[in-house]
Amino acid sequence: MKLYFAIIFIAMNSAIGLGQSAEFLFEGKKTMKWENTDEGVLLEHYFVFSNSGNQPLLIQDARVACQCTKVDFPKKPVLPGATDSIRVTFDTTDKYYYQDRIIELVSNTKKMEKLRLKVYVTPKED
């Protein structure tokens, strides 16, 4: 078993050492800033990206601090040169005033990519 992990480790480091990697290339900004929005609205945005690296890009997870933010990402590897998107929704129910969310993408790229959502939510009047 140790030999198996050693082989995987060497293979991964060899690929990185040779400059082989997957890389995100986002179309447009990595921050989505919506206009002022009323509480209770479900906001949606697609972050379009391509894999500018020379290895398949695999997103394993998307970390968010609040369950009000949902992230749908490709489950299959994105081949070099291919384009895909990450769908993000933000539920403004029970959210008030300035909202700022960061999404960390866990993938096989050299650096962790972060996406950001910003919106001012106007509370409902009671």
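Restricting attention to region 85-126, report how many residues are touching a residue at least 60 places away in the same chain (Cβ under 8 Å) and aliphatic (A, V, I, L, M). Steps first, please.
In the first step, residues of region 85-126 are kept if they are touching a residue at least 60 places away in the same chain (Cβ under 8 Å); the result is 105, 107-110, 113-124.
Now narrow it down to the ones that are aliphatic (A, V, I, L, M): 105, 115, 117, 119, 121.
Of the residues in region 85-126, 5 are touching a residue at least 60 places away in the same chain (Cβ under 8 Å) and aliphatic (A, V, I, L, M).
Taking only region 58-80 into account, find how many residues are touching a Lys or Arg at 6+ places or on another chain (Cβ under 9 Å), more than 21 Å from Leu42 (Cα to Cα) and in a loop (DSSP other than H, G, I, E, B).
Final tally of qualifying residues: 1.
For (1) surrounded by fewer than 16 Cβ atoms within 10 Å (Cβ to Cβ); (2) not hydrophobic (A, V, I, L, M, F, W, C), each residue gets a yes or a no:
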residue: Glu23; (1), (2): no, yes
residue: Asp38; (1), (2): yes, yes
residue: Val48; (1), (2): yes, no
residue: Asp61; (1), (2): yes, yes
residue: Thr69; (1), (2): no, yes
residue: Val78; (1), (2): no, no
residue: Ile102; (1), (2): yes, no
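Can you tell me which of (1) out of contact with any Ser or Thr (no Cβ under 8 Å at 6 or more places or on another chain); (2) surrounded by 12 or more Cβ atoms within 10 Å (Cβ to Cβ); (3) closer than 30 Å to Lys124 by Cα is the one Pro56 doesn't meet?
Result: Pro56 passes all but (3).
For residues that are under 15 Å from Glu23 (Cα atoms) and either of a type outside the set (Asp, Glu) or outside any strand (DSSP E or B) (or both), scanning just region 81-106, find the one that is farthest from the chain's Cα centre (by Cα).
Taking the candidates together, the pick is Gly81.
Since every read-out is calculated from the coordinates, none of them should be taken as a lab result. Remember, predicted model here, so these are calculated numbers, not experimental data. Cβ coordinates were reconstructed from backbone atoms using ideal geometry, including for glycine residues, and neighbour counts include every protein chain displayed.
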